[in-house]
1. So what's the net charge close to ARG111: Lys and Arg +1, Asp and Glu -1, counting the other residues with Cβ under 13 Å from its Cβ?
2. Given H placed 1.01 Å from N in the peptide plane, which residues other than close sequence neighbours of GLY124 have an amide H under 5 Å from its amide H?
3. So if the hydrodynamic radius of region 31-149 is defined as the Kirkwood radius over C-alpha pairs, what does Stokes-Einstein give as its diffusion coefficient at 25 °C and 0.890 mPa s, in µm² per second?
4. With θ set to phi - 60°, apply the Karplus curve 6.51 cos²θ - 1.76 cosθ + 1.60 along region 116-121 and write out the HN-Hα couplings as whole Hz, x wherever there is a Gly or Pro.
5. Quick one: what are the phi-derived ³J(HN,Hα) couplings along region 134-144, Karplus 6.51/-1.76/1.60 with θ = phi - 60°, whole Hz, x for glycine and proline?
6. Please give the length that would be gained between SER47 and LYS132 if that part of the chain were fully extended, namely 0.36 nm times their separation in residues minus their C-alpha to C-alpha distance (nm, one decimal).
7. LEU50: net charge of surrounding residues, Cβ under 15 Å, Lys/Arg +1, Asp/Glu -1, itself excluded?
8. How far is it, in nm, from the label point at ASP115 to the one at ALA93 when both lie 7 Å from their Cα along the line to the Cβ?
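Read-outs throughout are calculated quantities, based only on the coordinates presented, and are distinct from any laboratory measurement. Just so it is clear, the model here is predicted, and its values are computed rather than measured. Here the Cβ positions follow ideal geometry from the backbone for every residue, glycine too, while neighbour counts run over all protein chains shown.
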Amino acid sequence: MAGYKLGTIGVAGSIIGLAAIAAWLGLAHSCDPQGGEAVIAGRVVISPALADQVRPTDVLFVIVRRPGGTPRPVAAKRIENPTFPAPFEITNADVMVQGSELRGMVDVIARLDRDGQAGPAQPGDIEGRYAKNPTLPGGRDLEIVLDKVH
């Protein structure tokens, strides 16, 4: 009986492992079924405690990166003079390297940037992350809360 349970657990673990590998490689749930295009969409909100720090010259960046990978974005969207909640949609048109695709497991981050320059966060920038990172492209209802001041 114990061997049977152990075997069942092993098979279940193998299935979960294969599903994780397929997701990581973008073989599962990587495209918007309606448009046939990879998409990550939602809205960025700002913590009420930080709302008074928004300036008209700030730029909002929504950044897609590989989890645990290099800090270089896979894709990014620049939104000038954002008003909150700020809707966003990132597709293959927003990838940073031509010919690559928005697929596989990703982290989605938003940064309200003071100087408007892409790059690492600077003092005064406000950042937030999707609470369910890492995620797969295909989601259209992501909410990112800007809640951390650098």
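1. -1
2. Hits under the 5 Å cutoff: HIS150.
3. Answer from the Stokes-Einstein relation: 171 µm²/s.
4. x, 9, 5, x, x, 4
5. Once rounded to whole Hz, the list reads x, 9, 10, x, x, x, 10, 10, 5, 10, 10.
6. Stretched out fully, the SER47 to LYS132 stretch lengthens by 28.8 nm.
7. Values: positive: ARG55, ARG111, ARG114, ARG129, LYS148; negative: ASP52, ASP58, ASP113, ASP125, GLU127, ASP147.
Overall, the nearby charge balance is -1.
8. 3.0
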